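What follows is a single structure, written as structure tokens, with notes after it.
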Amino acid sequence: DLQFNSFLQYDNETRLLGGNTRLRWTFDPLGDVFVVYNHNLRNAVERWSLDSNQLLVKVQYALRM
């Protein structure tokens, strides 16, 4: 099972445009892998500049005994 989600959000007070993209792969009924990318741009006087980038990877697996 493979899922892909992406969201965009603009804050007019801080003039920040943020993007969040998430990839989720269920490789086993007990296991998932998540890859998340966050990207933020700031609008400073009619010009967009990079505010931050973040790439996260998470592996989740349940052990049942």
Q | Point-charge dipole on Cβ atoms (K/R +1, D/E -1) for the chain, about Cα centre, debye to 20 | A | 100 debye
Q: Give me the accessible area per residue for the chain, probe 1.4 Å, as a whole number in Å².
A: 83 Å²
Q: Using all C-alpha to C-alpha distances in the chain, build P(r) with 5 Å bins and read off the rounded percent in each one.
A: 4, 15, 21, 16, 13, 10, 8, 6, 4, 2, 0, 0
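The values are calculated or read from the model by the stated rules, or taken from the named source; none is laboratory data. Owing to the predicted nature of the structure, the values given are computational and were not obtained by experimental measurement. All Cβ positions, even for glycine, are placed from backbone atoms using ideal geometry, and neighbour counts span all protein chains on display. We work out accessible area using only protein heavy atoms, side chains counted, and drop any ligands, DNA or RNA first. Shrake-Rupley method; radii C 1.70, N 1.55, O 1.52, S 1.80 Å.
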